[in-house]
Amino acid sequence: MKKVLVVQFRLNKDAARAERADIARAAEGRAEIVVVNALTDDVEWSAPASLLSGYHGVILGGSGDLHFDGGAQRGTPAHDMMYDVARTMKPFIAYLLAHDIPTLGICLGHQLLAYAAGVAVRQCPQQAKTGTFTVVKKCSADDPIFGTLPQTFAAQYGHKDSVTALPHGATLLAAGEQCNFGALRYGKHVYSTQFHPELDVQTMKERIAAHPEYVPEGANPDTLFAPSPHATQVLINFFTFVAQRAE
């Protein structure tokens, strides 16, 4: 079975455990996942070729603990740790992009890839959101990850920061009224989504319970989320893509 390296960015142990379970569910029968945590594990990011030996793909996960901006001033732990992580992981992420390694960046992972490609990531009140929102597909039917999805579909979001421009060399795959860059592809094999394809209604509610600061003021968390079966298919399609490409 093909191996996929899953990189987490979480200090909250319950959220990290839940994220692993969500991704493992999509991988079942398609790929073996190996998980490392960029915030707690000793990983040699400066030697990407060695680190990726034996792996056929990479997932860069989300985080409720870090932010590039988040409306906070420089010097806050979440802000400083984010830039430390981005700097430390720069050789690894640059390698993924340069060598077109099959990759899926999710939420923070989406932002990390754009930042590594030279685009600023900032808080944008018009795009920051928590809940289920409509995504509009912008790609053709032959894309292996998004091609079979309907023209519009629902997806789960929970983010403060947003990618501020289309990175050089990237292709816009999906967008929406409240998300200018919902999904991107770099080269042929590196994908990223601002939304969370690993989450459904119930798991999104559980995740947001661990990070209530993402709930809009006055909103009821129980009414923010709706089913998103097509978005969930993105993660399944990625594992299938990795498995088939590595055959």
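The values are calculated or read from the model by the stated rules, or taken from the named source; none is laboratory data. Small disclaimer: the values here were computed from a predicted structure and weren't measured. Note that each Cβ is placed from the backbone with ideal geometry, even for glycine, and that neighbours are counted across all protein chains shown.
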ask   = Listed residues Phe181, Phe195; which is surrounded by 24 or more Cβ atoms within 10 Å (Cβ to Cβ), out of contact with any Pro (no Cβ under 9 Å at 6 or more places or on another chain), under 23 Å from Asp69 (Cα atoms) and at pLDDT 90 or above?
value = Phe195
ask   = Within the range 108-120, which residues are surrounded by 22 or more Cβ atoms within 10 Å (Cβ to Cβ) and either free of Cβ contacts under 8 Å to residues at least 40 places away in the same chain or of a type in the set (A, V, I, L, M) (or both)?
value = Leu108, Leu112, Leu113, Ala114
inquiry  = Being part of a strand (DSSP E or B) and either out of contact with any Gly (no Cβ under 8 Å at 6 or more places or on another chain) or under 19 Å from Ile106 (Cβ atoms) (or both) is the requirement here; does Gly218 meet it?
reply    = no
query = Checking Ile145 against (1) surrounded by fewer than 23 Cβ atoms within 10 Å (Cβ to Cβ); (2) assigned to a loop (DSSP other than H, G, I, E, B); (3) at pLDDT 95 or above, which test does it fail?
reply = (1)
ask   = With respect to Ser228, is the statement that it is more than 19 Å from Pro150 (Cβ to Cβ), polar (S, T, N, Q), surrounded by 18 or more Cβ atoms within 10 Å (Cβ to Cβ) and within 18 Å of the chain's Cα centre (by Cα) true?
value = no
note = For the range 50-68, pairs from a residue that is within 21 Å of Tyr83 (Cα to Cα) to a residue that is of a type in the set (Asp, Glu), with Cβ under 9 Å and 6 or more apart or across chains, are Ile59/Glu198; Gly61/Glu19; Gly61/Glu198; Gly62/Glu19; Gly62/Glu198; Gly64/Glu213; His67/Asp161; Phe68/Asp161
key: Residues satisfying the stated conditions in the range 7-24, i.e. touching a residue at least 24 places away in the same chain (Cβ under 8 Å), under 19 Å from Thr103 (Cα atoms) and surrounded by fewer than 18 Cβ atoms within 10 Å (Cβ to Cβ)   = none
inquiry  = Looking for something among the small types (Gly, Ala, Ser), under 17 Å from the mean Cα position of the chain (by Cα) and surrounded by fewer than 16 Cβ atoms within 10 Å (Cβ to Cβ) - is there at least one such residue anywhere in the range 88-97?
reply    = yes
query = For the range 35-45, does any single residue satisfy the condition of being more than 25 Å from Gln123 (Cβ to Cβ), hydroxyl-bearing (Ser, Thr, Tyr) and not in a helix (DSSP H, G or I)?
reply = yes
message = Any residue in the range 187-210 that is in a strand (DSSP E or B) sitting within a Cβ distance under 9 Å of a residue that is at pLDDT below 90 and of a type in the set (S, T, N, Q)? List the pairs, counting only those 6 or more apart or interchain.
response = none
query = Residues of the range 69-88 being touching a residue at least 60 places away in the same chain (Cβ under 8 Å) and out of contact with any His (no Cβ under 8 Å at 6 or more places or on another chain), which ones?
reply = Gly71, Val85
ask   = Among the listed residues Leu97, Leu66, which satisfies the condition of being among the aliphatic types (A, V, I, L, M), closer than 18 Å to Thr193 by Cα and part of a helix (DSSP H, G or I)?
value = Leu97
